[in-house]
Amino acid sequence: TELKQQLIAKGMWSQYLEVAIGPDAEVFTKAPTLSSVGWGDQVGIRRDSAWNNPEPEIVLLVNSGGQVVGATLGNDVNLRDFEGRSALLLGKGKDNNASASIGPFVRIFDEHFDMSSVRKARVSLRVTGNDGFEFSAESSMELMTRDPLDLVSQTSGANHQYPDGFALYLGSLIAPTQDRAEPGKGFTHSPGDLVTVASAQLGSLVNQVTWADEAPPWQFGISALMSNLARRNLLG
């Protein structure tokens, strides 16, 4: 509280600092059920976004009781210009067609891989473009300000439940800032970018960037799933 007041007095406070050092974590719905994409699929950015980036993250798989059962990798594709203009535009900046990538597999917790492995994991990002652009970076989960189980407890509990479980992206310390098109303009995606998120114990998640309106449309929802299961006599 004292640090916050000092930053406010100096005009240095922002909504991002609130969720970084305040009591409440930034937890939001990234993608509706069944709308995420996997390894080798395209990931989408909006045509009306001029500043966007990948976010390489470890993703926890949590069951209906709030227990973490495994982990995988994710790319939380982010439209920084939309989100930065207003917190009320977070949904538009985060939830778009093919904007949530996850994979390449789920590693179930056992005696060789558990929550301590997640806490110590290193995550890398590599972006290569058709224009010859290249970017690579690596970060450690040990540097994250919030413990993964704190994020789980703030996501699911007495106030909010997920009867089918959920996949929880844990956040990223990597945000490309390297100039690309023009000096001083920083990084933004271009269609055709190849994005690789990797970690030694979770493999590599690889996707290619396209426009969100050109990515395969999301058409397989809950009703389609139920129909599919019924046709295969897998219900009841």
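The values are calculated or read from the model by the stated rules, or taken from the named source; none is laboratory data. Being a predicted model, the structure only gives us computed values, none of them experimental. Neighbour counts run over all protein chains shown; Cβ positions are idealised from the backbone, glycine included. Surface areas here come from the heavy atoms of the whole protein model, side chains and all, with no ligands, DNA or RNA. Shrake-Rupley method; radii C 1.70, N 1.55, O 1.52, S 1.80 Å.
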Near pairs, Cβ below 7 angstrom, 6+ apart or cross-chain, from region 223-236 (part of a loop (DSSP other than H, G, I, E, B)) to any residue that is surrounded by 10 or more Cβ atoms within 10 Å (Cβ to Cβ):
Leu235/Leu229
Would you check which residues across region 35-54 are under 24 Å from Phe109 (Cβ atoms) and open to solvent by 30 Å² or more (accessible area, probe 1.4 Å) and list them?
Ser36, Trp39
Residue count, region 181-217, condition surrounded by 15 or more Cβ atoms within 10 Å (Cβ to Cβ) and modelled with pLDDT under 95, comes to 1
Which numbered condition in (1) part of a strand (DSSP E or B); (2) among the β-branched types (Val, Ile, Thr); (3) at pLDDT below 95 is the only one that Thr29 fails?
(1)
If you take the residues of region 88-104 that are open to solvent by 40 Å² or more (accessible area, probe 1.4 Å) and not hydrophobic (A, V, I, L, M, F, W, C), which of them is nearest to Ala198 (Cα to Cα)?
Pro104
Taking region 20-34 and keeping residues within 18 Å of Pro148 (Cβ to Cβ) and buried (at least 20 other Cβ atoms within 10 Å of the Cβ) leaves Lys30
Just give me the residues in region 80-125 being β-branched (Val, Ile, Thr) and in a helix (DSSP H, G or I), in sequence order.
Val118
Restricted to region 128-180, and to residues that are of a type in the set (Val, Ile, Thr) and more than 17 Å from the chain's Cα centre (by Cα), which residue is most open to solvent (accessible area, probe 1.4 Å)?
Thr177
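Within region 126-160, how many residues turn out to be assigned to a helix (DSSP H, G or I) and either among the polar types (S, T, N, Q) or closer than 13 Å to Val59 by Cα (or both)?
8
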Identify, please: which residue in region 55-79 is surrounded by fewer than 24 Cβ atoms within 10 Å (Cβ to Cβ) and not in a strand (DSSP E or B) and is, among those, nearest to the chain's Cα centre (by Cα)?
Glu55
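Only residues that are farther than 23 Å from Asp164 by Cβ, among the polar types (S, T, N, Q) and in contact (Cβ under 8 Å) with a residue 24 or more places away in the chain: list them for region 1-51, please.
Of everything in region 1-51, those that are farther than 23 Å from Asp164 by Cβ, among the polar types (S, T, N, Q) and in contact (Cβ under 8 Å) with a residue 24 or more places away in the chain turn out to be Gln15, Gln42, Ser49.
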